[in-house]
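The values are calculated or read from the model by the stated rules, or taken from the named source; none is laboratory data. What you see is a predicted model; the values in this text were computed from it and never measured. Cβ: placed from backbone, ideal geometry, glycine included. Neighbour counts: every protein chain shown. Note: accessible area is taken over every heavy atom of the protein model, side chains too, but ligands, DNA and RNA are not part of it. Shrake-Rupley method; radii C 1.70, N 1.55, O 1.52, S 1.80 Å.
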Amino acid sequence: MSKVIVYCEHADGQVRRASLEAIGAAKSAGADVVAILAGEGASAAAATAIGASKAICLTGPAEFSSDAVAATAAEVCKSEGARGFLAAATYRGKDIAPRVAAHLDVTPFTDCIELKADGDSFHVKRPWLAGKALATLGTSGDVLVATTRLNVFNAAEGGAPGETAEHAITAVAKAKVTGVEAKGSSKLDVKEAPVVVSGGRGLQEAEHFGMLEDLAAAFGNAAVGASRAVVDLGWRPHGEQVGQTGKTVSPQLYIAVAISGAIQHLAGMRTSGTIVAINKDADAPIFKVADYGIVGDAFEIVPALTEAIKAAKG
Ligand SMILES: Cc1cc2nc3c(=O)[nH]c(=O)nc-3n(C[C@H](O)[C@H](O)[C@H](O)COP(=O)(O)OP(=O)(O)OC[C@H]3O[C@@H](n4cnc5c(N)ncnc54)[C@H](O)[C@@H]3O)c2cc1C
């Protein structure tokens, strides 16, 4: 069974769900997973790296610095004889994985949606051309380095790692992190939320996004997203924009409200699990990618949907 090193992010003593999905990806390919964790609280969080057979905490003064952590992660890949290195496609994962690949002299594959064993090695699938094609990619080196798209893989299940170890960070950090502060926002990010309710220009004005906030609140685990037209109008912040020049999301459920479905918007959401479109124009392109389409006025449908979800949840 080939080994895969999974870089695990953690907060409040828990490995983040996105990293558990990366472990789940490795397990889905039959790999033996070694979790690595860095930063304050890593040793407490190591026990929550569910599905990994071993957890290694990277320790040392440079534990927050991506370049030093990546150099050490590459060392661990070599010392463990790993054939794969995975990180979730979060800001942190996207910072670490290409650096690890550079140390191992291989090409990193980003935002992957499938990992499969290929003999002792692995190959991945990832969307190309704004999601219009799927590429299957393998590495010519010893280690396949990839980031996993959020909300695509099932989070790993099972027990805590049977073994924990420490590995000192000896690399000198080129960039020194002098402090880390919590953002202080309890809002879910569109990239991480299992449900995303996005609104488009058809909602007419910024205030009307209140009904999408209500729908998201009824779900309880949803984030509000937006089309670029809405962001350009200043109705919503850029951090909520879904699409080619915004964020790529892949929630279990994506609800597009009064969004036409331009190719640049589809590029950011077409790999979502289930897509529901609400649009008054039956010919809107969004219906071509929707699993469920509701042709009608969002101002009538969204409040009714919110009430139905509240009623269903009791
Ligand atoms: C280089 C480039 C990058 C881009 N990047 C992005 C990107 O990242 N993300 C993105 O979203 N776009 C992006 N765009 C813009 C994209 O081409 C579209 O212009 C944009 O997505 C349109 O936004 P929209 O669907 O909200 O608005 P519109 O196209 O105006 O569509 C509004 C929709 O609302 C419907 N509607 C109106 N009233 C109602 C109602 N009462 N009830 C129900 N439906 C109603 C209409 O039928 C229509 O389909 C990019 C464009 C370019 C050129």
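Results, tabulated for the structure shown:
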| item | result |
| --- | --- |
| Residues (closer than 19 Å to G243 by Cβ and open to solvent by 30 Å² or more (accessible area, probe 1.4 Å)) located in region 135-152 | V152 |
| Region 266-285 - residue that is closer than 20 Å to M211 by Cβ and near the ligand (Cβ under 7 Å from one of its atoms) and, of those, nearest to the chain's Cα centre (by Cα) | I278 |
| Residue match in region 292-303 (condition: at pLDDT 95 or above, more than 20 Å from E192 (Cα to Cα), near the ligand (Cβ under 8 Å from one of its atoms) and part of a loop (DSSP other than H, G, I, E, B)) | yes |
| Filter result (in contact with a strand residue (DSSP E or B) (Cβ under 9 Å, 6 or more places away or on another chain) and open to solvent by 10 Å² or more (accessible area, probe 1.4 Å)) within region 250-264 | Q252, L253, A258, S260 |
| Residue pairs meeting the criteria (Cβ under 9 Å; at least 6 apart or on separate chains; first hydroxyl-bearing (S, T, Y), in region 179-195; second modelled with pLDDT of 70 or more) | none |
| Residue among I5, I23, I36, I50 that is part of a helix (DSSP H, G or I) and under 23 Å from F64 (Cα atoms) | I23 |
| Any hit, region 269-277, residues being closer than 17 Å to L203 by Cα and either modelled with pLDDT under 95 or out of contact with any Ser or Thr (no Cβ under 6 Å at 6 or more places or on another chain) (or both) | yes |
| Check on G239, surrounded by fewer than 21 Cβ atoms within 10 Å (Cβ to Cβ), part of a helix (DSSP H, G or I) and within 17 Å of the chain's Cα centre (by Cα) | yes |
| Looking only at region 246-264, and only at residues there that are in contact with a Pro (Cβ under 9 Å, 6 or more places away or on another chain) and touching a residue at least 60 places away in the same chain (Cβ under 8 Å), the one that is nearest to P285 (Cα to Cα) | S260 |
| Total residues in region 73-91, condition open to solvent by 60 Å² or more (accessible area, probe 1.4 Å) and touching a Ser or Thr at 6+ places or on another chain (Cβ under 9 Å) | 2 |
| Odd one out for Q244 among (1) at pLDDT 95 or above; (2) not in a helix (DSSP H, G or I) | (1) |
| Region 165-197, subset modelled with pLDDT of 90 or more and not aliphatic (A, V, I, L, M), residue nearest to A55 (Cα to Cα) | E166 |
| Criterion (within 16 Å of the ligand (Cβ to nearest atom), touching an Asp or Glu at 6+ places or on another chain (Cβ under 8 Å), of a type in the set (V, I, T) and within 22 Å of I286 (Cβ to Cβ)) met by exactly one of V190, V152, V197 | V190 |
| Criterion (among the polar types (S, T, N, Q) and in contact with a strand residue (DSSP E or B) (Cβ under 7 Å, 6 or more places away or on another chain)) met by exactly one of S140, S198 | S198 |
| Scan of region 8-23 for residues that are of a type outside the set (A, V, I, L, M) and open to solvent by 10 Å² or more (accessible area, probe 1.4 Å), ordered by number | E9, H10, D12, G13, Q14, R16, R17 |
| Any hit, region 115-131, residues being touching a residue at least 40 places away in the same chain (Cβ under 8 Å) and open to solvent by 60 Å² or more (accessible area, probe 1.4 Å) | yes |
| Which listed residue is within 9 Å of the ligand (Cβ to nearest atom) and either part of a strand (DSSP E or B) or outside the structural domain of V295 (by TED's automatic domain parsing) (or both), from A256, A229, A223 | A256 |
